[in-house]
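The next block holds one structure in the form of structure tokens; read it before the comments.
Please treat every number below as a calculation from the coordinates, not as lab data. For clarity, every value in this text was computed on a predicted model and none was experimentally measured. With ideal geometry, Cβ positions are generated from the backbone for all residues, glycine too; neighbour counts draw on all protein chains shown.
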Amino acid sequence: MNVYDSARMVDVLVSLGFVSTERPDDADMVILNTCHIREKAAEKVYSELGRLRLLKEAKVRAGGRMILAVAGCVAQAEGAEILERAPHVDMVFGPQTYHRLPEMVARASRAAGAVLDTDFPADPKFDHLPAPGRAEARAAFLTVQEGCDKFCTFCVVPYTRGAEYSRPVDAVVAEAEHLTGAGACEITLLGQNVNCYHGEGPDGREWGLGALIRRLAEIEGLERIRYTTSYPADVDDELIAAHAEVPKLMPFLHLPVQSGSDRVLAAMNRRHGAGDYRRLTEKLRNARPDLALSSDFIVGFPGETDDDFRATLRLVEDVGFIQAYSFKYSPRPGTPAAAMPDQVEDAVKGERLAELQDLLNRQQLAFNEACVGRVMPVLLDRRGRRPGQMVGRSPYMQPVHTEASEESLGALVALRIAAGYANSLSGDVVDRAGPAMNAGNPA
Ligand code: 5AD
Ligand code: SF4
């Protein structure tokens, strides 16, 4: 979502005459778009700000100037503290205020005091942001839902992104048409809790994510639809049916479970047990037999015993994941879990994480190897490191390398998978893929 948000910030700033640059040293303005989800992500902001201070000072000595801004969830959570710890920062603004950038930039340019904007405006920012200027790539992001009301006890999102909000169906469809018109053939629908989507439909009723996906699938030129991130307890029958009946919906689902222990899940306030998760994934696979799953895991949540952790390993064995993110529990200031007794020692967290990741890596490799021989539609969206090499994504989000001509850049191409590695595949071009190839079909 930060990638999407950054692109929207660029869209706003282009109207002020800014252009984006890859090099901070010649920039008139640098915006750090930040993540607060775990401590490590937040720490990075301050070390990065230290480096940028040197650039800013050099620029000022040379008679130039640089506006230094911190956006995103660290800005939202830390607010004025950033200005105290890093006084060379000119602007601090949270994720709900990007449409006010022109005004903030003007104020920072006139620059006496630093600008701080971490409001949650009543009128959603989406009403004020310009339509995305261009599809950066053939695969685009589209935020349909933002914020979260679930309050998992470890998580800062409800505090930093604010209350749950779903964009109206018409606005989403218009943006999707705009993106496909500009060349995108794959769209990933984004939301912190994307499957609790309940945007206002053109009929005045609330539509769920399943209905939204069916509507988007009607858009010509849009070949692949994905969505992330989902909350297990909010997967409803309508969404499961969409997996069964909408071929453009890719057979890959990121469905974070966090833990396999009912006790830990309850302490996390997750609203699903390990059994619910097992049943749900079974239902999804009955609807779409080639569906594959990825997940998020937290190890060392306060009070997690060795037995609890074993339950997580069992769940991983039973369900099977082709990809996953796993983290040591990181206490976030202001969240209930940070104040819980029985915090787990870091060394124990480290051991559990290594054991879990070892299992997950083996599952990922096994799946990648099992892909050998299959023909998969791959969206070749970037050049590889070697000349004549292209890289793209399979229906399962695996990076796939292949030898292909320059004209195939941006094309959906059928590749026969020749090898499966730990984190990627390689394959050979079979044929150009048409829309019929999109089902991630087994060969
Ligand atoms: N500590 C560790 N991991 C966390 N996540 C969210 N909050 C924390 C935390 N405090 C993980 C969850 C979530 C993912 C985006 O980040 O697994 O699904
Ligand atoms: Fe955080 Fe996701 Fe839980 Fe919401 S549902 S509180 S975003 S972990």
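Using square roots of five times the C-alpha gyration tensor eigenvalues, list the equivalent-ellipsoid semi-axes of the chain in whole Å, biggest first.
Working: eigenvalues 238, 168, 105 Å².
Whole-Å semi-axes of the equivalent ellipsoid: 34, 29, 23.
In the calculated pair distance distribution of region 2-117, what percentage of Cα-Cα distances lie above 23 Å? The partial results should precede the final answer.
Details: 1454 of 6670 pairs.
In whole percent, the share of Cα-Cα pairs in region 2-117 beyond 23 Å is 22.
Which is the longest stretch in the chain that no exposed loop site breaks, taking sites as GluC sites (Glu not before Pro) with a DSSP loop state and at most 14 other Cβ atoms within 10 Å?
The answer is 23-217.
Only helical DSSP H runs with n ≥ 4 go in: add -39500 (n - 2.57) per run for the chain, normalise by residue count and round the 222 nm mean residue ellipticity to 500 deg cm²/dmol.
Numbers: 13 runs with 152 residues, N = 443.
Result for the chain, helices only: -10500 deg cm²/dmol.
Quick check: residue separation of Glu406 and Asp296 times 0.36 nm, minus the Cα distance between them. What number comes out in nm? Present the calculation step by step, with values, prior to reporting the outcome.
Details: separation 110, 0.36 × 110 = 39.60 nm, distance 3.63 nm.
Result: 36.0 nm gained on full extension.
Run the dipole for region 222-280 about the Cα centre, Lys and Arg Cβ at +1, Asp and Glu Cβ at -1, nothing else charged, and hand back the magnitude in debye, nearest 20. Present the calculation step by step, with values, prior to reporting the outcome.
Numbers: 8 positive and 8 negative charges, 59 e Å.
Here region 222-280 has a charge dipole of around 280 debye.
Under 30 Å Cα-Cα from Lys349, which lysines qualify once same-chain neighbours fewer than 8 residues away are excluded?
Output for Lys349: Lys40, Lys44, Lys150, Lys328.
Give me the aspartates and glutamates in straight-line cross-link reach of Lys283: C-alpha distance below 17 Å, same-chain residues under 8 apart excluded.
Those aspartates and glutamates meeting the cut-off are Asp234, Asp236, Asp237, Glu238, Glu245, Asp318.
From Cα pairs below 8 angstrom and at least 6 apart in sequence, can you work out the relative contact order of region 375-432, rounded to a whole percent?
Numbers: 137 pairs, mean separation 19.7, N = 58.
Result for region 375-432 is 34 percent.
With r defined as the distance between the Cβ atoms of Asp358 and Ser20 and R0 fixed at 51 Å, what FRET efficiency is calculated, to the nearest 0.05? Please list the in-between numbers first.
Values: r = 40 Å, r/R0 = 0.78.
My answer for the efficiency is 0.80.
What percent do you get for the relative contact order of the chain when only Cα pairs under 8 Å and 6+ apart count?
Working: 872 pairs, mean separation 44.7, N = 443.
Rounded, it is 10 percent for the chain.
For region 197-275, build the convex hull from the C-alpha positions and give me its volume per residue in Å³. Could the numbers behind the result be given before it?
On the way: hull volume 8.2 nm³, N = 79.
Hull volume normalised by residue count: 104 Å³.
Using Cα pairs under 8 angstrom and six or more residues apart, how large is the relative contact order of region 2-117, in percent? Present the calculation step by step, with values, prior to reporting the outcome.
Working: 147 pairs, mean separation 28.7, N = 116.
Computed over region 2-117, the figure is 25 percent.
Stretched out fully, how many nm does the piece from Ala366 to Asp170 gain, at 0.36 nm a residue minus the Cα gap? Let's see the in-between values first.
Numbers: separation 196, 0.36 × 196 = 70.56 nm, distance 4.18 nm.
Contour length minus the Cα-Cα distance gives 66.4 nm.
Given the Cα-Cα distance of Ala418 and Asp342 and 0.36 nm per residue of separation, how much length would full extension add, in nm? Before the final figure, lay out each step's value.
Details: separation 76, 0.36 × 76 = 27.36 nm, distance 4.87 nm.
Using 0.36 nm per residue and subtracting the Cα-Cα distance, I get 22.5 nm.
When we measure straight from the Cα of Lys56, which aspartates and glutamates land under 17 angstrom away, once same-chain ones fewer than 8 places off are left out?
Glu22, Asp25, Asp26, Asp28, Glu48, Asp90
Taking the dipole about the Cα centre of the chain, with the C-beta of Lys and Arg at +1 and of Asp and Glu at -1, give me whichever of Phe18, Leu356, Ala211 is farthest to the positive side.
About the Cα centre, the residue reaching furthest to the positive side is Phe18.
From the Cα gyration tensor of region 181-227, with a ≥ b ≥ c the square roots of its eigenvalues, which class applies: rounded if a/c is under 1.5, or else prolate if a/b is larger than b/c, or else oblate? Write down the numbers at each step before the final one.
On the way: a/c = 2.50, a/b = 1.46, b/c = 1.71.
Oblate shape, in that a/c is at least 1.5 and b/c is the bigger or equal ratio.
Cα gyration tensor of region 137-237, axes a ≥ b ≥ c as square roots of the eigenvalues: rounded (a/c below 1.5), prolate (a/b > b/c) or oblate?
Working: a/c = 2.03, a/b = 1.59, b/c = 1.28.
It is prolate, given that a/c is not under 1.5 and a/b is the larger ratio.
Take the Cα coordinates of region 125-369, assign each an equal point scatterer, and use the Debye formula without solvent to give log10 I(q)/I(0) at q = 0.07 Å⁻¹.
-0.25
Give the Rg/Rh ratio for region 375-432, taking Rg as the radius of gyration of the Cα atoms and Rh as the Kirkwood radius, to two decimals. Walk me through the intermediate numbers first.
On the way: Rg = 9.7 Å, Rh = 10.7 Å.
Using only Cα positions, Rg/Rh for region 375-432 is 0.91.
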